[in-house]
Structure formats: C-alpha cells, structure tokens
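Below: the structure, in structure tokens.
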Amino acid sequence: MTPSSEAPVAPEKDLSTTDLEKVILAKGDVSGFNVGPMEPPPLQGETADKAECIPITAVINGKPEPVAQASVYRQLTGAGDGRPAVSEFLTAHGAQGAATVLSRLRTAVEACERGFTSSGGEGPSAYKSVKKLSVAKVGDDAFAYQVTGDFEGDSVPLVFQVVRSGGTLATFYTANLEGPQTPTIPSALLAAQIAKLK
C-alpha cells in the first residue's frame, strides 16, 4: 500500500537541556558582547498577589508558565563597559506550551497595566505599572513589555523581550537601576539567537 502524500508531518522535537546548551548565545555570536554563565533562579520566587498578573512574575522569576521541560540561562554584557547587562533564558515548552506562554503574557500585561504587588522571594515587591513595548519582528512570534518596579519610591524599569521559535522561547531581560528611562535590549541579540534556533 502506498503511503498517502497527505500523511501528517512529524511534530517538531522538543529540545532538551543539552540541546538548549548547544543553541543558546555563546562567546563570539554577537559582536561587542561577552557571554557568561548565569545562576539558575531560586526554587521559590515571587508570586503576584493578583492572579491575572502571575504570568508576569513567573517570567521575572525566570520560569515562564506553563513550566518548561528544559531551561538554560546566560548573562550577556557589553564588551566595553559591561553595558548593557542583559539576562537571557532559553526554555523549551513544546509548540502549544510556548504559544500559551505568550498568550498569557499578552493578557496579563493588559490586565495589570496599573501595577500590582507580589510576595515571596526576597520579600514583598511593588510594581507601579506594566506596559507593552514595540519589538522587532523575529522568530515565529515576539512580544515585549516593561514592568516598572517601585524601589523605596524610585521607579525601576524592567524590560522583557520574549521571542518564540517553534516550541522554544528566548527571553531577554534588562533593568535600568539609574533612572526612570526605559532601557533597551539590542535587536542584534534577538536576531542572533533566533538564527541559532532555526
């Protein structure tokens, strides 16, 4: 019997930790950037006190939800003066899980625009506002947003850019600890990471 030409395509293989280690950004991948190790996040992170904002604190914790089957972490720093300092984590969720992470984040950013509080981790935290940001069109999907923390009355902008390639998410994070201006994440980092995932 001749196989049908319309036979279903085999699903994309989910990446393991070993696979992710091979494709996450490494030294020499992006001109002007050093790449170093980054400690995995603690087991217990912070949790938003509003249920609709939990997807945001999950990413702050370095553990996007639905929970990944594998994760790896790196610290990226400008070769000159160490700036910008960008954290990256690659997480494998499967295609449906990765799409769900982004869907939940989009909903949470809209629902939590006026801010929220969280507990756990190193103690209670307050976030003044959340807003969507523009992001380069890379990968299968991409989303960026800013969470503005409240540190003893001072605004601390935290920026996240999440890019999906199949069932893998590349999340980049940076903060401005010196003022209220929105920090930037170089688009070259996203482009280089997506190129390695193809």
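The values are calculated or read from the model by the stated rules, or taken from the named source; none is laboratory data. Since this is a predicted model, take the numbers as computed values, not measurements. All Cβ positions, even for glycine, are placed from backbone atoms using ideal geometry, and neighbour counts span all protein chains on display. Side chains included, ligands, DNA and RNA excluded: accessible areas come from the protein's heavy atoms. Shrake-Rupley method; radii C 1.70, N 1.55, O 1.52, S 1.80 Å.
Can you name every residue in the stretch 100-125 that is open to solvent by less than 40 Å² (accessible area, probe 1.4 Å), at pLDDT 95 or above and not β-branched (V, I, T)?
Answer for the stretch 100-125, where residues must be open to solvent by less than 40 Å² (accessible area, probe 1.4 Å), at pLDDT 95 or above and not β-branched (V, I, T): L102, L105, A108, C112, G115, F116, S118.
Within the set of pairs 6 or more residues apart or between chains, which connect a residue that is without any contact (Cβ under 8 Å) to a residue 60 or more places away in the chain and open to solvent by 90 Å² or more (accessible area, probe 1.4 Å) inside the stretch 21-34 to a residue that is charged (D, E, K, R) and not in a loop (DSSP other than H, G, I, E, B) with Cβ atoms less than 8 Å apart?
none
Only strands (runs of 3 or more DSSP E) wholly contained in the stretch 16-124 count here; list those with 1 or more residues that are more than 22 Å from A188 (Cα to Cα) and out of contact with any Gly (no Cβ under 7 Å at 6 or more places or on another chain).
Those strands (runs of 3 or more DSSP E) span 46-48, 70-78, 116-120.
Among the strands (runs of 3 or more DSSP E) contained in the stretch 131-196, which hold 3 or more residues that are hydroxyl-bearing (S, T, Y)?
Output list reads 168-175.
For the stretch 43-56, how many residues meet the condition of being surrounded by 13 or more Cβ atoms within 10 Å (Cβ to Cβ) and either farther than 22 Å from P157 by Cα or hydrophobic (A, V, I, L, M, F, W, C) (or both)?
Residues meeting the conditions: 4.
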